[in-house]
Amino acid sequence: KSIPINVLNPIKGTPVENNEILSNEETCRLIAIFRFINPDAFIRMAGGRALLGDNGRKAFQSGANAGILGNMLTTVGVEIEEDLKLLDDLGYEITYSID
């Protein structure tokens with residue numbers, strides 16, 4: 001069971017271009033709620049993680065335990081080397097699947 005968490009990236013020219021971005025604290029609160037309700041799921045950080053200011057460090061500490069690495073469909077993501085260092089610093093064992 002995998003639940004993707006996307007952080008809104010309001011791109012100019014789209015219907016949501018003027019929407020506010022959730023704060024890192026609000027995003028982490030949502031992740032903690034998803035973790036509480038779905039204790040056995042992979043809570044997967046996806047699009048918009050780079051907007052959090054810490055590349056998702058607090059999100060992973062709040063209960064996220066999976067992520068999409070690299071660039072997204074329409075936006076630039078976090079550099080893979082940065083992600084690998086972050087996850088190593090947090091003590092995560094890195095596994096992956098290609099579907």
Reach of K12 by Cα under 24 Å, taken over lysines that are not fewer than 8 positions away in the same chain:
none
Over the chain: helical MRE at 222 nm, DSSP H runs n ≥ 4 each giving -39500 (n - 2.57), nearest 500
-8500 deg cm²/dmol
If one takes the longest principal axis of the Cα atoms in the chain, at what angle in degrees, from 0 to 90 and to the nearest 10, does the Cα axis of helix 24-37 lie?
50
Using amide H atoms built in the peptide plane, which far-off residues or other-chain residues are under 5 Å from F42 H to H?
S2, I3
Can you give the local net charge around V7? Use residues other than it whose beta-carbon is closer than 14 angstrom to its beta-carbon, Lys and Arg +1, Asp and Glu -1.
+1
Signed unit charges on C-beta, dipole axis of the chain, positive-most listed residue I33, A64, L8:
I33
Relative to the chain, whose Cα atoms define the longest principal axis, helix 80-89 and its Cα axis are tilted in degrees, nearest 10, by 50
On a straight-distance basis, which lysines could pair with K85 in a cross-link, Cα separation under 17 angstrom, same-chain partners fewer than 8 positions away excluded?
K58
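No value in this document is a laboratory result; all are computed from the given coordinates. Since the model is a prediction, treat every value here as computed from it, not as a measurement. Please note: Cβ atoms are built from the backbone with ideal geometry, for glycine as well, and neighbour counts cover all protein chains shown.
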